[in-house]
Amino acid sequence: MFYTFAKGSIFALFYYDSPPRFSAVMIDKDKKFKRYLITSALPYANGPLHIGQIAGAYLTADIYTRFLRLQGKDVVFVCGSDEHGAAITLRAKKDKTSPQEIVDTYHSIIEQSFKDFGIEFDIYHRTSSKLHHETAADFFTVLHESGKFEQKTKEQYYDDEHNQFLADRYIMGTCPKCDYDAAYGDQCEKCGSALSPRELINPKSTISGNVPVLKETTHWYLPMGDYEAWLKEWILDGHKGDWKSNVYGQCKSWIEGGLKSRAMTRDLDWGVKVPLEEAEGKVLYVWLDAPIGYISATKQWAKDHGKNWEDYWKSDDTKLVHFIGKDNIVFHAIIFPILLHAHGEYILPDNVPANEFLNIEYQKISTSRNWAVWLHEYLEDLPNKQDVLRYVLCSIAPETKDSEFTWKDFQARNNNELVAILGNFVNRTLVLTQKYYDGVVPNGTFEEWPEVTKRIEEIPEEIAASIEQYRFREGLAKGMELARLGNQFLAETEPWKLQKTDPEKVQSIMLLALQIAANISIAMNPFLPATCKKLAQMLNIELSNWEQAGTLNLIEAGQSIGEVSLLFEKLEDEVIDVQIEKLQKKAQVHS
Ligand SMILES: [Zn+2]
């Protein structure tokens, strides 16, 4: 809608103004897209969100989307609760309640914590909705009618005690690929391999713990092997050097290892009913149904906003990006694209930037052991500190390998970086502006500091390049460089000493410092939205466009600044100790 080629692309803009830091390929690649569809993995509505999930699939997607919105691009960011699958029914069984009760409870908890944390979806939908059931059933029907499935009757594991077939999370055993002894029937969460129950070594029913028996049942299979050549061309040739190496590497080893047929239906009573008469008592496989959730969410959003959902799913000039954690790579980079391709009307993801895992205090996050920092609890315990967590999680985002969250590191990053660098620079600048000029922005010139002004112009384009390449840690570090630059500039020019002898020069110094602060409010906005909003209010400026970043006239001489307060507060040891204790206590109680 708002997109224009000449002004819409930050790369095109800077490409002509400055030496070509970015390749022409990137400019051309981005230019062909008129709109963006961004998705984050649908969280299972069987528990609240923990910070490992946030660092994996949500924060980065939110930063990316905010960056696109700041450029005025036509972008829609969709997500929703995954309310089907064995994860839900097992939880209901454990809690002695109904699956519906489980999904209703956790859908609202999850939705609220995303909101409080500042993850700004255009829609947060749910797969139990009627629209989703219809969309998923229609998708299945198209594939079925065009002969894309194989109907097979095979022996499958069955729990005699509970009279139930055991698929996915209903069955556990040892992974044949990595020997992990708690792999599920559809996937090993340790090595990420997609599995089928018959591949598990020493399989056991997760409901009864019994060794399962074999019994015949009929299902509809996706013959994934038929798509190997196509996947080689599309991913291995088409996305080499473009997709992150962890994603590309996993895809390569799966494709080259040979892809087996996978059942797309299940013997369960909770889920999207298979739309075939002969499939009584069967539902769609949750990993067929869940990614279609992105489509139904887009449909609902389009309906609510008078848009055409097909523009976002069926038009080649839409860029589709799936943000996920590494355990979902096979589903988003292999299985869902096969389904989209087999259907024939849909675009494919341009990228699948998956993150690795986040550990907490040097241990793997475990929801069953309650070794986790829960997002809703964080937001309760440390109110108005959502940006501190956003900052820390982005700084340590597991972009290329697993990373560590520790409360001491959290405290250090808050105190030594947010407070001492960013907060300190902004506070010094605003307090001096009030003290010297009663809060009225002075006039001045910047010729004396060409190195400083050059960096102010360069840094936003560097941040843009990092975000475009899904390097969010790097982008955030570049944003902090603006604050470091500001601190260094004030330390070197020492306006507090010069004010008595050369007040005219101090005016120029303070004006330049204010321009740096104003630049921070745009350039760091995707990362720290609440902080940047507050900063813009304190500067009394309205900034809404990324193109303004890197310029030196964001705040005008003669205007007044707003009320000044601290952006960040120091976190004392006792606050952090409470969190460490809480983590350990809860884990102990549970085990
Ligand atoms: Zn494994």
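FYI, it's all coordinate maths here, none of it is from the lab. This structure is a prediction, so every number in the text was calculated from the model and none was measured. Don't worry about glycine lacking a Cβ; one is built from the backbone with ideal geometry, like all the others, and counts go over all protein chains shown.
Taking the longest Cα principal axis of the chain as reference, the axis of helix 59-70 is set at about 60 degrees. For the chain, the list of Cys residues with no other Cys C-beta under 4.7 Å reads C79, C251, C394, C532. Scalar couplings 3J(HN,Hα) for the stretch 261-274, obtained by applying the Karplus form with A = 6.51, B = -1.76, C = 1.60 to θ = phi - 60°, are 5, 10, 5, 9, 10, 9, 8, 8, 10, 10, x, 7, 4, 5 Hz; x denotes Gly and Pro. Here the spin labels are modelled as points 7 Å beyond Cα on the Cα-Cβ line, and at L236 and W496 they lie 6.3 nm apart. Modelled spin labels at E155 and I201, positioned 7 Å past Cα toward Cβ, are 2.1 nm from each other. Dimensions of the chain along the principal axes, based on C-alpha atoms and rounded to the nearest Å, stand at 92, 54, 41, largest first. Phi angles across the stretch 365-379 convert, under the Karplus curve 6.51 cos²θ - 1.76 cosθ + 1.60 with θ = phi - 60°, into 3J(HN,Hα) values of 4, 9, 6, 6, 8, 6, 8, 6, 9, 7, 4, 5, 6, 4, 5 Hz, Gly and Pro given as x. Could you tell me whether the stretch 444-504 comes out rounded, prolate or oblate from its Cα gyration tensor? Rule is a ≥ b ≥ c as square roots of the eigenvalues, rounded for a/c under 1.5, then prolate if a/b exceeds b/c, otherwise oblate. It is prolate, given that a/c is not under 1.5 and a/b is the larger ratio. Distances between placed amide hydrogens fall under 5 Å for K319 paired with K34, R35, Y36, L37, all partners being 5 or more residues away or on another chain.
When the inverse distances between all different Cα atoms of the stretch 303-362 are averaged and flipped, the Kirkwood radius reads 13.3 angstrom.
Step by step: find N for the stretch 37-96, compute 2.2 N^0.38 Å, then divide the Cα radius of gyration by it. What's the final number? Don't skip to the answer; put the middle values down first.
Details: Rg = 14.8 Å, N = 60, 2.2 N^0.38 = 10.4 Å.
It is 1.42.
Return the ratio Rg/(2.2 N^0.38 Å) for the stretch 159-256, where Rg is computed over Cα atoms only. Walk me through the numbers before you get to the answer.
Numbers: Rg = 16.4 Å, N = 98, 2.2 N^0.38 = 12.6 Å.
Computed over Cα atoms of the stretch 159-256, the ratio equals 1.30.
Size of the stretch 44-159 from its Cα atoms: along the principal axes, largest to smallest, the extents are 53, 41, 25 Å.
Which angle from 0 to 90°, rounded to the nearest 10, does the C-alpha axis of helix 450-468 make with the longest principal axis of the chain? Between the helix axis and the principal axis of the chain, the angle is about 10 degrees.
The amide H of T406, built 1.01 Å from its N in the peptide plane, has E361 as neighbours under 5 Å, considering only residues 5 or more places off or on other chains. Taken along the Cα-to-beta-carbon direction at a fixed 7 Å, the label points for D409 and E278 span 5.5 nm.
So for each of 368-377, 198-207 I average, over its residues, the number of other beta carbons within 10 Å; can you give me the resulting order with the highest mean first? Don't skip to the end; give the middle numbers.
On the way: 368-377: 18.4, 198-207: 16.9.
Packing proxy ranking, top to bottom: 368-377, 198-207.
Extension gain for the segment K32 to Y221, taken as residue separation times 0.36 nm less the Cα-Cα distance, is 64.5 nm to one decimal.
Just to verify a number: FRET efficiency for D304 and Q100, C-beta to C-beta distance, R0 = 25 Å, to 0.05? Kindly include the intermediate steps, with their values, before the conclusion.
Details: r = 24 Å, r/R0 = 0.96.
For D304 and Q100, the calculated efficiency is 0.55.
If the viscosity is 0.890 mPa s and the temperature 25 °C, what translational diffusion coefficient in µm²/s does Stokes-Einstein give for the stretch 376-548 when Rh comes from Kirkwood over Cα pairs? Could the numbers behind the result be given before it?
Values: Rh = 17.1 Å.
Estimated diffusion coefficient is 144 µm²/s.
Computed from backbone phi, the HN-Hα couplings of the stretch 95-108 come to 7, 6, 9, 9, x, 4, 4, 4, 5, 5, 4, 7, 4, 6 Hz, rounded to whole numbers (Karplus: 6.51 cos²θ - 1.76 cosθ + 1.60, θ = phi - 60°; Gly and Pro given as x). On the beta carbon distance between K570 and R369, with R0 = 35 Å, the FRET formula returns roughly 0.60.
Using alpha carbons only, how many degrees (0 to 90, rounded to 10) separate the axis of helix 472-493 from the longest principal axis of the chain? With both axes taken from Cα atoms, the answer is about 10 degrees.
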